[in-house]
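Beneath this line is the structure, given in structure tokens, with notes to follow.
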Amino acid sequence: MNLNKNKIRAVYPGSFDPVTNGHICIAQRAAEIFDEVIVAILMNTQKDPSFSVEERQQMTEEALVDINNVQVCAFSGLLVNFMQSLGSKVIIRGLRAMSDFEYEFQMALMNRQLAPDIETFFIVTEPQYSYLSSSAVKNVFQFGGDISSMVPDCVRNRMKNRIHEYPNQIIKNRTKPFE
Ligand code: PNS
């Protein structure tokens, strides 16, 4: 039996606007299974993000700095094209609730249609993060709620600075509860 396998590089894509403790948990768990995990932040998201791609990348890097086999980068265009450029065949997505499923299912099938050799792996959230989303965090923060258990300190600090600069900007994307 030959147990010598090639290393597997997985890509965990998303908007990460901003990264939450739920995202961090998924990245950590993926990093325990796959040899390398690339957290890939979409630049040209249609969601009109609250944070620039540079800010999102910086916060995510800071939040994941202790995990050796995780790297953070930004991408634009089709996810499968980006993955092919990295030689990756594994997409990681987190699943929180049934409400996520339809969107995730559609995206997984679309990606499969575009690139049949790329597989989507779902990691089910820890129950403590099942209610958590970037948009909910921004909403709670906007109205003075405590988000310290929801995001890493680097994100909370950035949000504190941001709310002074742009008080009306932080919840631009709160039309959908789970993003
Ligand atoms: O955190 P999000 O916003 O739910 O992540 C969505 C993301 C970035 C994974 C998805 O929108 C994406 O992959 N966009 C890139 C464009 C693309 O490849 N579209 C085809 C698959 S639907």
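Note on Lys7 and Glu55: their simple-model spin labels are 3.4 nm apart, each label 7 Å out from Cα toward Cβ.
Counting other Cβ atoms within 10 Å as a rough exposure proxy, the listed residues Leu95, Leu42 run Leu95, Leu42 from fewest neighbours to most. The P(r) of the chain has a tail past 21 Å containing 49 percent of all C-alpha pairs. Where in the stretch 44-82 is the amide nitrogen less than 15 Å from a point lying 7 Å along the Cα-to-Cβ axis of Ser149? Of the residues in the stretch 44-82, none has backbone N under 15 Å from the label point off Ser149. Counted residue by residue at 0.36 nm each, then reduced by the alpha carbon distance between them, the extension gain from Gln128 to Ala97 reaches 10.0 nm. Placing a pseudo-label 7 Å from each Cα along the Cα-to-Cβ vector at Asp35 and Leu86 gives an inter-label distance of 1.5 nm. Normalised by the number of residues in the chain, the average gap of Cα pairs under 8 Å and 6 or more apart makes the relative contact order 27 percent. Springs between Cα atoms under 10 Å define the GNM used for the chain, and in it the highest mean-square fluctuation of Met59, Met43, Met107 occurs at Met107.
Readers should treat all values here as calculations from the given coordinates under stated rules, not as data from a laboratory. Bear in mind that the values here come from a model prediction, so they are computed numbers and not experimental data. With ideal geometry, Cβ positions are generated from the backbone for all residues, glycine too; neighbour counts draw on all protein chains shown.
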